1. Which whole-Hz couplings ³J(HN,Hα) result when phi for each residue of the range 9-24 is put into the Karplus expression 6.51 cos²θ - 1.76 cosθ + 1.60, θ = phi - 60°, listed in order with x for Gly and Pro?
2. If you count only protein heavy atoms with a 1.4 Å probe, what accessible area per residue comes out for the chain, rounded to a whole Å²?
3. Provide the FRET efficiency to the nearest 0.05 for the residue 78-residue 144 pair, computing r from the beta carbons and using R0 = 22 Å.
4. Given axes a ≥ b ≥ c from the Cα gyration tensor, I'd like to know whether the range 49-111 is rounded (a/c under 1.5), prolate (a/b larger than b/c) or oblate.
5. Roughly speaking, to the nearest percent, how much of the chain's 1.4 Å accessible area is carbon and sulfur?
6. With 19 Å as the limit, write out which pairs from 84/149; 26/175; 149/175 have Cα-Cα distances beyond it, or answer none.
7. For the range 87-178, what class follows from the C-alpha gyration tensor (a ≥ b ≥ c being the square roots of its eigenvalues): rounded when a/c is under 1.5, otherwise prolate if a/b is larger than b/c, else oblate?
8. Could you point to the label whose value was computed as mean projected area of the Cα convex hull in nm² for the structure here, given (1) 12.5; (2) 11.4; (3) 19.2?
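The values are calculated or read from the model by the stated rules, or taken from the named source; none is laboratory data. Since the model is a prediction, treat every value here as computed from it, not as a measurement. All Cβ positions, glycine included, derive from the backbone under ideal geometry; neighbour counts span all protein chains shown. For the accessible areas, the whole protein counts, side chains as well, though only heavy atoms, and no ligand, DNA or RNA atoms are used. Shrake-Rupley method; radii C 1.70, N 1.55, O 1.52, S 1.80 Å.
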Amino acid sequence: MPYYEITHSYPLTDAQRQALAQAITKIHVAAFHTPSMFINVRFIAEDLAQSHAFVAGVRVTKTSNSIISYVRTSPTRTKADFDKVTKAIEDAWYSTVGKGSGAGAQQHPYLREAPETRLHALAMLPIVTAREAGFAIPVAGEEAEWIGKQLPVFKQLAASGDAGFVSLLSELQAKAGV
């Protein structure tokens with residue numbers, strides 16, 4: 001359902017990518033109760049020498065780290081909710097890639113972090129509609145009804161050996177005894 005795309009010119013290790021993907025998943029699940037199977041995180045390494053970034057119409061070759069996500073919205077998901085999620089994700093970025101919460105953590109990240117590790121932009125964009133794994137995604141806040149309706153197919157997919165749906169059923173059982 002949510003799709004997070006991390007574009008980075010700062011080279012990330014496999015461990016850093018794993019830590020960021022896990023942190024984003026945990027943050028999103030806690031905030032919006034989305035089953036973790038439907039949280040997608042993609043990393044795109046950007047070569048500064050091949051940069052096609054422009055600011056004020058001028059090509060720049062500075063560090064360009066950003067996280068853009070596509071999320072479901074609803075009247076129950078306020079700007080404050082999304083602000084809290086983006087702040088938690090920004091904190092996860094700096095804990096994983098930058099100096100984190102050590103000395104100077106109250107200082108603006110552009111004042112405490114090395115230029116190459118700075119997170120330039122983090123945005124959450126609304127999804128009008130989407131399909132994932134062959135399913136139309138539910139309206140935010142209507143996940144329980146949607147899961148109930150899709151459960152027979154989820155069970156068939158799990159029985160066929162689809163690891164993602166085996167994991168989904170396990171998660172759903174742990175949360176609600178489905």
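1. Per-residue couplings from phi come out as 9, 6, x, 9, 7, 4, 5, 5, 4, 4, 5, 5, 4, 5, 5, 4 Hz.
2. Numbers: 10020 Å² over 178 residues.
Dividing the accessible area of the chain by its residue count gives 56 Å².
3. On the way: r = 20 Å, r/R0 = 0.92.
So, using R0 = 22 Å, E works out to roughly 0.60.
4. On the way: a/c = 2.45, a/b = 1.22, b/c = 2.01.
In terms of gyration-tensor shape, oblate.
5. Working: 5700 of 10020 Å².
Carbon and sulfur together cover 57 percent of it.
6. On the way: 84/149 31 Å; 26/175 15 Å; 149/175 17 Å.
Where the Cα-Cα span goes over 19 Å, the pairs concerned are 84/149.
7. Numbers: a/c = 3.11, a/b = 2.41, b/c = 1.29.
Since a/c reaches 1.5 and a/b is larger than b/c, the shape of the range 87-178 is classed as prolate.
8. Matching entry in (1) 12.5; (2) 11.4; (3) 19.2: (1).
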